[in-house]
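Trainee: Have a look at this one before I ask anything.
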Amino acid sequence: MSDHAKNQKPATITAQALGWVDDATKSVTPPLYPSTTFERNTDLSYHDGRCYTRADNPTYDQACQVLSTLEGGSETRLFASGMAAAVACLHALSPGDHIVAPKVMYWALRSFMLDSGVRAGLSFDFVDNADIADWDKHIVAGKTKLVWLETPANPDWQITDIAAVTELAHKAGAQVVVDNTVATPLLTRPIEFGADIVMHSATKYLNGHSDVLAGSLTTASDGEYWQRVCKQHASGGAVLGVFETWLLLRGMRTLSIRVERASANAMAIAKHFENHPEVEQVQYPGLVSHAGHDIAVKQMTGGFGGMLSIRVKGGEKRAVDFHNRCKLFKRATSLGGVESLIEHRSSVEGPTSPVPGDLLRLSVGIEDADDLVNDLETALRLSK
Ligand SMILES: *Cc1c(COP(=O)(O)O)cnc(C)c1O
């Protein structure tokens with residue numbers, strides 16, 4: 001992989017996976033190294049420093065370099081899931097450490113923070129994602145060790161000003177991790193705005209085909225906190241399997257056209273339903289009516305992503321009936337795949353969810369935009 005790759009545009013980096021060609025065979029896709037162990041040299045050193053797959057495997061190299069290059073970071077680690085990556089960031093903290101995170105964010109992680117995080121002696125404050133004064137109030141110098149951001153955030157797609165919150169966090173001596181799953185590095189590169197670590201559920205857009213569970217962390221630079229995260233990775237053992245790594249790299253090769261199409265489709269749907277008589281509200285950062293639109297314009301380039309939510313008139317019952325009548329949109333959780341999904345989010349999150357019952361979360365795929373709009377329009381018209 002040559003240095004000129006650093007200046008390539010994301011579409012080139014992903015399509016060519018940094019232009020790697022195998023020295024031995026000249027194959028343009030990489031081989032898999034399923035070996036879990038590597039022979040030691042007679043002087044007790046290791047060839048290439050590799051000893052055991054839980055710590056390292058050559059299959060990881062290319063996928064990690066692609067991600068590091070896309071995010072503008074120095075090093076990437078792959079995890080068995082997005083949650084495993086996020087949890088490694090929490091496990092790298094110490095009892096008594098304080099974390100500030102959004103009130104509305106990826107639900108399973110917020111639940112983990114409140115359950116296992118609190119039992120591990122961590123303390124949390126949850127703030128209004130879009131309200132910089134709220135972040136300022138709760139990020140406390142000398143006390144706050146980690147600031148967790150998710151933007152656009154599940155499932156109302158509020159936007160956090162990464163640069164502004166990062167400045168507050170760094171003044172207070174805290175690390176900033178950004179969950180960049182929804183935006184992808186095609187639309188937002190948090191490290192450019194000062195973030196320390198970027199996290200992905202690579203299960204979503206990075207792989208893009210709803211057939212691999214994976215997570216990643218990319219750091220802006222090496223440091224004490226990152227070293228503790230790496231220790232969690234190698235010793236904690238929630239690493240990605242080599243076959244999944246190979247599939248993830250294959251998926252990432254089409255990331256740029258998938259994100260482009262999903263963003264265009266989501267925008268078409270958002271615009272169609274924005275002033276619809278049967279719709280209460282469309283939540284999509286690409287709409288001028290969205291509270292976070294101005295900041296989204298500042299920190300997202302090339303589109304606003306494939307995720308939006310629709311709040312229908314008629315409450316929860318109508319919302320459920322509407323989603324039951326969709327044919328192209330499949331009723332399923334998750335996001336970032338080539339196929340469109342629709343989800344009644346509050347019933348998935350349970351009684352303590354902050355999500356209103358009339359809200360449906362849409363993961364817009366790469367199908368034809370008119371077909372998608374027609375599917376939703378027909379289902380909405382028939383719903384009661
Ligand atoms: C899915 C998701 C996660 C969790 O990732 P898994 O791969 O399912 O463990 C975290 N954050 C966001 C925004 C997600 O969509």
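The values are calculated or read from the model by the stated rules, or taken from the named source; none is laboratory data. Small disclaimer: the values here were computed from a predicted structure and weren't measured. So basically every Cβ, Gly included, is an ideal-geometry build from the backbone, and we count neighbours across all protein chains shown. When the accessible area is computed, the model is the full protein with side chains, heavy atoms only, and any ligands, DNA or RNA have been set aside. Shrake-Rupley method; radii C 1.70, N 1.55, O 1.52, S 1.80 Å.
Trainee: If you filter segment 26-90 for GluC sites (Glu not before Pro), then keep DSSP loop positions with at most 14 other Cβ within 10 Å, what is left?
Mentor: Here the GluC sites (Glu not before Pro) that fit, given the DSSP loop and packing criteria, are E39.
Trainee: If the cut-off is a Cα-Cα distance under 19 Å, which lysines reach K26, setting aside same-chain residues fewer than 8 apart in sequence?
Mentor: Here the lysines satisfying the reach criterion relative to K26 do not exist.
Trainee: Another question, if that's okay. Which of the aspartates and glutamates could a cross-linker bridge to K298, judged by Cα under 15 Å and excluding same-chain residues fewer than eight apart?
Mentor: Here the aspartates and glutamates satisfying the reach criterion relative to K298 are D161, E192.
Trainee: Pull up all non-local amide H partners of Q175: gap of 5 or more, or a different chain, and H-to-H distance under 5 Å with H placed in the peptide plane.
Mentor: L146, V147
Trainee: Given charges of +1 on the Cβ of Lys and Arg and -1 on the Cβ of Asp and Glu, with all other atoms neutral, how large is the dipole of the chain about its Cα centre, in debye to the nearest 20?
Mentor: Value, rounded to 20: 540 debye.
Trainee: Cα to Cα, under 17 Å, and not fewer than 8 places away if on the same chain: which aspartates and glutamates meet these conditions relative to K327?
Mentor: Excluding near neighbours in sequence, the set is E339, E343, E367, D368, D370, D371, D375, E377.
Trainee: In the chain, what % of DSSP beta bridges are antiparallel (nearest 5)?
Mentor: Counting DSSP beta bridges with both partners in the chain, the antiparallel share is about 60 percent.
Trainee: I'd like the accessible area for S27: 1.4 Å probe, protein heavy atoms, all chains in place, Å² to the nearest 10.
Mentor: Answer for S27: close to 40 Å² accessible.
Trainee: At 1.4 Å probe radius, can you tell me the per residue accessible area of the chain in Å²?
Mentor: I get 42 Å² per residue for the chain.
Trainee: Would you work out which of H170, T69, G251 lies farthest towards the positive end of the dipole of segment 3-252, given +1 charges on the beta-carbon of Lys and Arg and -1 on that of Asp and Glu, about the Cα centre?
Mentor: G251
Trainee: At a 1.4 Å probe, what is the % contribution of carbon and sulfur to the accessible area of the chain?
Mentor: That fraction is 53 percent.
Trainee: Explain nothing, just the number: relative contact order of the chain, from Cα pairs under 8 Å at least 6 residues apart, as a whole percent.
Mentor: 16
Trainee: What is the Cα radius of gyration of the chain over 2.2 N^0.38 Å, N being its residue count?
Mentor: 1.00
Trainee: Please list, in chain and number order, the residues 5+ apart from N129 or on another chain whose amide H is under 5 Å from its amide H, with Hs placed from the backbone.
Mentor: Residues meeting the criterion, in which the H sits 1.01 Å from N, are K103, V104.
Trainee: Now for a separate question. Calculate how large, on average over all directions, the projected area of the Cα convex hull of segment 256-382 is; give the answer in nm² to one decimal.
Mentor: 7.4
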